[in-house]
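**Student:** One structure follows; several queries about it will come next.
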Amino acid sequence: MKGRVVLVFPVVSAGLMLLSLWPGLSMAEWGKPLGGTYDGPEGKPRVVMPSPAELGADERATMAVFERATKSVVYIANTAIQRDPWSFNLFEVPQGSGSGFVWNKQGHIVTNFHVVYGANSVTVSLADRTEHKATLIGADPDHDVAVLQIRAPEESLSPLTVGSSHDLHVGQKVLAIGNPFGLDHTLTTGVVSALGRTIKSLSNRTIEGVIQTDAAINPGNSGGPLLDSAGRLIGVNTQIVSPSGAFAGIGFAVPVDTVNRIVPELIKYGKLIRPGLGVSLVPDAMAKRWGIRGLIIGKVSRGSGAEKAGLKAARETVVGRVELGDIITAVDGKPVETLDELMDVMEHHKVNDQVMVEILRGTHQERVSVTLQAVN
């Protein structure tokens with residue numbers, strides 16, 4: 001046909017055009033092993049990039065802290081005794097596990113109360129993999145702290161260095177070491193996310209001054225140490241907030257200042273010696289039902305600081321009616337309307353301290369000084 005130019009192109013498959021962009025590969029090699037005789041670079045290990053001459057200062061510091069502190073962290077296994085319903089034989093079953101740490105060379109181990117709660121038998125595994133049967137020395141459920149003791153050679157016991165928690169700052173680096181999901185001596189790092197948090201213990205009491213951290217804490221970390229960048233103990237990992245039950249970025253640790261006050265008393269007495277006024281109180285629910293804002297004194301102990309200060313208890317009249325005595329409205333200037341609030345005030349005192357108690361006596365407000373005593 002006149003005036004028409006016909007151009008002829010070679011027919012090339014799309015596959016061949018693609019392979020033309022990949023030098024050294026043929027159609028038979030695409031998507032298949034290269035074969036034992038292939039000697040190209042793809043069949044050899046990648047070139048290894050030399051490591052930096054020195055690790056970063058922060059990395060080296062973290063490694064040094066872990067190297068020292070991991071010797072102090074222990075794995076705790078909690079077993080319970082059950083009875084076979086058919087044979088009536090007794091047998092031990094695993095009930096839970098957690099973490100803890102060496103407190104001293106006498107074999108005292110600190111952990112959470114909930115880690116050993118309900119245990120018939122507790123086994124502690126040290127960093128050298130030796131296992132030791134543990135005895136519960138004392139526990140304070142209100143602060144979720146417990147002390148165990150094991151018989152172990154002194155050279156195998158490496159106590160942690162104790163720091164302080166009152167001078168912590170948000171943003172400060174922290175490290176957690178524990179046994180999450182049974183994976184022993186796991187290190188996680190993070191920062192202090194917040195200070196002065198409050199959480200509920202297993203006994204439903206409020207634990208104050210709690211440290212919040214984003215260092216990963218999971219089931220099995222409970223009872224393990226929270227450390228500062230110098231490797232000092234600053235808290236005991238206790239709880240997490242998580243919809244799934246696994247770590248979600250919010251963990252809590254009981255502050256070391258609280259732990260360091262409680263542990264010596266648990267070692268000496270097996271329980272926490274609490275200061276108190278020397279009174280028994282009417283239950284909060286009853287006071288609320290009666291429309292009374294304050295603590296109703298139900299009984300004053302003989303010889304107590306309350307009796308010496310002249311506090312008066314409620315009494316039953318001859319016709320069976322209750323006649324109210326003194327109603328405690330504040331202690332040391334802090335209003336108290338529940339037993340929990342009174343115990344929070346007592347947290348900041350010790351036996352033989354004197355406190356100013358504000359009471360409602362009839363229609364009159366009065367203030368009396370009371371010397372605190374040891375109470376159960």
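**Student:** In this model, which of 133/173; 200/308; 173/200; 312/350; 268/312 are farther than 29 Å apart at the alpha-carbon? Before the final figure, lay out each step's value.
**Tutor:** Working: 133/173 35 Å; 200/308 34 Å; 173/200 25 Å; 312/350 23 Å; 268/312 34 Å.
In this structure, 133/173; 200/308; 268/312 exceed 29 Å between Cα atoms.
**Student:** I would also like to ask the following. Tally Lys and Arg at +1 and Asp and Glu at -1 over the other residues with C-beta under 15 Å from the C-beta of residue 239: what net charge comes out? Please list the in-between numbers first.
**Tutor:** Numbers: positive: 197, 200, 205; negative: 142, 144, 208, 214.
Result for the local shell: -1.
**Student:** Determine, for 101, 66, the number of other Cβ atoms within 10 Å of each Cβ, and report the residues in order from fewest to most.
**Tutor:** Neighbour counts put them in this order, fewest first: 66, 101.
**Student:** Another one. By count of other Cβ within 10 Å, fewest leading, how are 140, 58 ordered?
**Tutor:** 58, 140
**Student:** Which net charge results when you count Lys and Arg as +1 and Asp and Glu as -1 among the other residues whose beta-carbon is under 11 Å from that of residue 210? Walk me through the intermediate numbers first.
**Tutor:** Numbers: positive: 197, 200; negative: 144, 208.
Net charge in that neighbourhood comes out at 0.
**Student:** Just one of (1) 5, 26, 34, 24, 9, 2, 0; (2) 5, 18, 20, 16, 14, 10, 5, 3, 3, 3, 1, 1, 0, 0; (3) 5, 19, 29, 28, 14, 4, 1, 0 is P(r) over Cα pairs in 10 Å bins from 0, in percent as worked out from the coordinates here. Which one is it?
**Tutor:** Identified label for the calculated read-out: (2).
**Student:** Right, another one. From the phi of every residue in the stretch 366-373, what ³J(HN,Hα) in whole Hz does the Karplus formula 6.51 cos²θ - 1.76 cosθ + 1.60 yield, where θ is phi - 60° and glycine or proline is x?
**Tutor:** 9, 10, 10, 9, 10, 8, 6, 10
Where a number appears in this text, it was derived from the coordinates with a stated rule and is not lab data. Source: prediction; values computed, not measured. Note that we place each Cβ from the backbone using ideal geometry, even for glycine, and neighbour counts take in every protein chain shown.
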